[in-house]
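The values are calculated or read from the model by the stated rules, or taken from the named source; none is laboratory data. Computed from a predicted model, the values in this text were never measured in an experiment. FYI the Cβ positions are ideal-geometry reconstructions off the backbone, even for glycines, and counts take in every protein chain you see.
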Amino acid sequence: MTSDKRENTSSPLVTVITVNCQSMSFSDVLAESIKAILALKHRPLEVIIVDNGSSDGSYKYLSELVDRNARKDTMVRLLRLRYNCGFALANNIAFASRNNAAKYVAIINNDLIPTTESLGKLVELLERNQSVAAIQGKILSPNRKIDCAGCYLSQYGYHFAAGKELPAGFCNRPAWISFSDGAYSVYRIKTIEESGSFFLPFFMYGEDWELGTRLWKHGHRVMYSPILAGTHYRSSTTSNFSENMKRTLEYCLWRAEFTLICMYDRLLYLHVLLRLPSLFMIFLDRLLLRGIIDGVLTGVKWRRKFGTGKPTQFGQPRLKLDIFGWYVLQLKFAINFPGRGIRRSKILYTSACKHIALSSSVKGRNMVHTNFFDGFFSF
């Protein structure tokens, strides 16, 4: 990675946003997350915590945590929303209320415990690389394996977390990525404003994929750095949702994927055909079929409203899967679809990520081909 000239020598103000919703079931993780966010060493620092319509007492718990752990040199605000308006909109509300002097905004989930040095190191890299609009570090799972070392979109539209479930010693080189994980990412505010807006109003899922793609389309880059970012207790909030809400999340996932395909993919119809094994089973599920239809309609609408950007000197990195391997994964999905629920989906997703991570090499300028991860991870 080449470094650009740093704009100035003063430390820039960073706004950290974390969104909370119904978190008392994992209050121990929430407490560690808030304490770690307030203990981040970077200064100057502004922290905005948004409670997204919680009714389980977590807002009061958050208030007490902030009162006990906030530092005098940190600006801390706690916003309370009347209802759950979704992850993206809650972040947008906080983003709109930030200190106007902030140069960067960091999104940190309430189930992620950041390392104290991580924010300062990531901001330092952004200061040295002015073409980089967003950055993420190495995020670990509680089992000390990799949770995410950057995110890639495939040429068929699906997304994959690089290095997922590999040992923490892998993924030790920086890389350009399709988008940064919304669990913990740092964005340059100027480039967000140049690209139109912060997150688009997805209720759940898709906001980080879309923003990363939009930043690339507007001539900016998204970067992974092997800096240890923190430990992520992924899905702590959603794992305690009711079965009906979990089904709604599956709807949101498919809606988000097809929204993005319709917004940015010129080979829409070809990629739909390549998904036929899994789509055949989804046609038997009215809710997921509704998600696909709504995703297509939303994607067409947003494509007209926000545009798709113009060709730039930087092309978004994409993960290119060989067609045989892709259909193996598709058939696995189709076979396991009946009654799978979110848990089964996650098992298949993790299996796919590991399969890709252990079988892939970078060939060409912007496309990641099979054997990619042999060169990317083995050192």
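Hey, can you tell me all the residues within the range 139-150 that are surrounded by fewer than 24 Cβ atoms within 10 Å (Cβ to Cβ) and closer than 13 Å to PRO174 by Cα? Within the range 139-150, no residue meets the criteria. For the range 125-147, a tally of residues being assigned to a strand (DSSP E or B), out of contact with any helix residue (DSSP H, G or I) (no Cβ under 9 Å at 6 or more places or on another chain) and under 22 Å from GLU210 (Cα atoms) returns 3.
Once the range 155-200 is narrowed to residues that are within 30 Å of ARG304 (Cα to Cα) and surrounded by fewer than 19 Cβ atoms within 10 Å (Cβ to Cβ), the residue that is modelled with the lowest pLDDT is GLN155. Candidates ALA102, ALA88: the one that is in a loop (DSSP other than H, G, I, E, B) and of a type in the set (A, V, I, L, M) is ALA102.
Scanning the range 39-51 turns up at least one residue that is under 28 Å from LEU228 (Cβ atoms) and touching a Gly at 6+ places or on another chain (Cβ under 6 Å).
Could you say which residue among ASN69, ASN52, ASN91, ASN129 is crowded, with 16+ Cβ neighbours inside 10 Å and either under 30 Å from PRO167 (Cα atoms) or modelled with pLDDT of 95 or more (or both)? Going through ASN69, ASN52, ASN91, ASN129 in turn, just one is crowded, with 16+ Cβ neighbours inside 10 Å and either under 30 Å from PRO167 (Cα atoms) or modelled with pLDDT of 95 or more (or both): ASN129.
Checking the range 31-41 against the condition returns a match, with at least one residue being hydrophobic (A, V, I, L, M, F, W, C), over 28 Å from ALA101 (Cα atoms) and under 23 Å from the mean Cα position of the chain (by Cα). Taken across the range 235-252, residues that are touching a Leu at 6+ places or on another chain (Cβ under 7 Å), at pLDDT below 70 and in a helix (DSSP H, G or I) do occur, with at least one present.
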